[in-house]
Amino acid sequence: MRTYLFIILFFITLFCKSQELNCRISVVNTSPNQNVDAQVFKSLENSLNEFVNNRKWTADQFKSKEKIDCNILINVTKEINNQQFEATATIQSSRPVFNTNYNSVLLNIQDKYFNFSYEEHQALLYNENSFINNLTSLLAFYSYIIIGFDYDSYGLKGGDKAFSKAQDILNNAQSSGFSGWKIDPNSPSTRNRNMLIDNILHVDFEAFRDCMYRYHRQGMDQAYSDIKKGQSEIISGLDMLKKVNGVRPNSMLLTQFFNAKSDEIISMLEKANTNEFKSTLEFLAKADARNSTKYRKLIK
């Protein structure tokens, strides 16, 4: 009897460790007129964390220490009524660098159209083959985006399956009427989920995904044992982005990359012999205009 109990407990433990994400989801209400009880958003926050972290998103097995660290901050900007809300979201993820205590940021993106409906204690329903609820579709979409970016950093185009799932969710949601799932020519911003997945899967951005692998797996992960080798691979990865920027300058995908990586790039290269990669720094100064001054300070 004890043997059977041990086996059952073993498989329960195994299952509990199999989920992919270690996601911290926070909900804040900054709407000017706050009529909804704050407890509603606390209940929502708890439900969202359970939905994302307790769900199995892939067929792969993860140990607890292998889970992908990520954060989603949902900012409620308007209470349309006590069940409908306009919101924005910030989605971030990172992965550990081999043999260090450092986590490298992979994703840092803003979603301006994170609108949803929610009634306290309602079940969060989701079906991967159809659109049921905008909130769960949003969370599923970004869960696969997070997983895809993580997999791309460990294997060449390793995120293909996850990105394909994200595209399926987008396709199912396009007729929902919620903003952000398709390109709207009347929208003040076309930088939405439709553009994001288009960038990721378009042939013009193949070099970007190659960069994600080269930069992280062959660059950052090598830097601990051989800093010069690691720096060289990081530069090689960044040089791949020249091709992308040549055909899609100021693209959504490149913008989010630089938002996530600019400080890290500067930190990794500031003590190197910058004469060897002056052209790379000059490219970065042009492609990432927001941080141009920081890159130019490294040019000797």
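The values are calculated or read from the model by the stated rules, or taken from the named source; none is laboratory data. A quick note: this is a predicted structure, and the numbers were derived from the prediction, not measured. Please note: Cβ atoms are built from the backbone with ideal geometry, for glycine as well, and neighbour counts cover all protein chains shown.
Just so you know, in region 122-137 the residues that are assigned to a loop (DSSP other than H, G, I, E, B) and surrounded by 12 or more Cβ atoms within 10 Å (Cβ to Cβ) include one that is farthest from the chain's Cα centre (by Cα), and it is Gln122.
For region 61-80, the set of residues classified as more than 29 Å from Asp226 (Cβ to Cβ) and at pLDDT 95 or above consists of Cys70, Asn71, Ile72, Leu73, Ile74, Asn75, Val76, Thr77, Lys78, Glu79, Ile80, listed by residue number. Could you grab me the full set of residues in region 78-104 that are of a type in the set (Val, Ile, Thr) and buried (at least 17 other Cβ atoms within 10 Å of the Cβ)? Within region 78-104, Ile91, Val97 meet the criteria.
Among helices (runs of 4 or more DSSP H) entirely within region 163-248, having at least 3 residues that are over 16 Å from Tyr151 (Cα atoms) and assigned by TED's automatic domain parsing to the domain that holds Asp288 singles out 227-247. Residues in region 32-44 that are crowded, with 16+ Cβ neighbours inside 10 Å and without any contact (Cβ under 8 Å) to a residue 60 or more places away in the chain were compared, and the one that is farthest from Asn103 (Cα to Cα) is Val36.
Residues in region 249-264 that are surrounded by 16 or more Cβ atoms within 10 Å (Cβ to Cβ) and either outside the structural domain of Lys286 (by TED's automatic domain parsing) or part of a helix (DSSP H, G or I) (or both): Met252, Leu253, Leu254, Thr255, Gln256, Phe257, Phe258, Asn259, Ala260, Lys261, Ser262, Glu264.
Set side by side, the residues Phe41, Phe85, Phe62, Phe51 differ, and just one is touching a Phe, Trp or Tyr at 6+ places or on another chain (Cβ under 8 Å) and not in a strand (DSSP E or B), which is Phe51. Scanning region 200-244 for residues that are within 21 Å of the chain's Cα centre (by Cα) and charged (D, E, K, R) returns Asp204, Glu206, Arg209, Asp210, Arg214, Arg217, Asp221. If the condition is being among the acidic types (Asp, Glu) and either assigned to a helix (DSSP H, G or I) or over 19 Å from Gln222 (Cβ atoms) (or both), then region 265-300 contributes Glu276, Glu282, Asp288. Looking across region 101-121, the residues that are touching a residue at least 24 places away in the same chain (Cβ under 8 Å) and part of a loop (DSSP other than H, G, I, E, B) come down to Lys112, Tyr113, Phe114, Asn115, Tyr118, Glu119, Glu120, His121.
Taking the options Asp184, Asp204, name whichever one is modelled with pLDDT of 95 or more and surrounded by fewer than 20 Cβ atoms within 10 Å (Cβ to Cβ).
Asp204
Cβ-Cβ distances below 7 Å connect the following pairs, each with a first residue in region 54-72 that is of a type in the set (Asp, Glu) and surrounded by 16 or more Cβ atoms within 10 Å (Cβ to Cβ), a second residue that is assigned to a strand (DSSP E or B) and at pLDDT 95 or above, and a separation of six or more residues or different chains: Asp69/Asn22; Asp69/Ser93; Asp69/Ser94; Asp69/Asn103.
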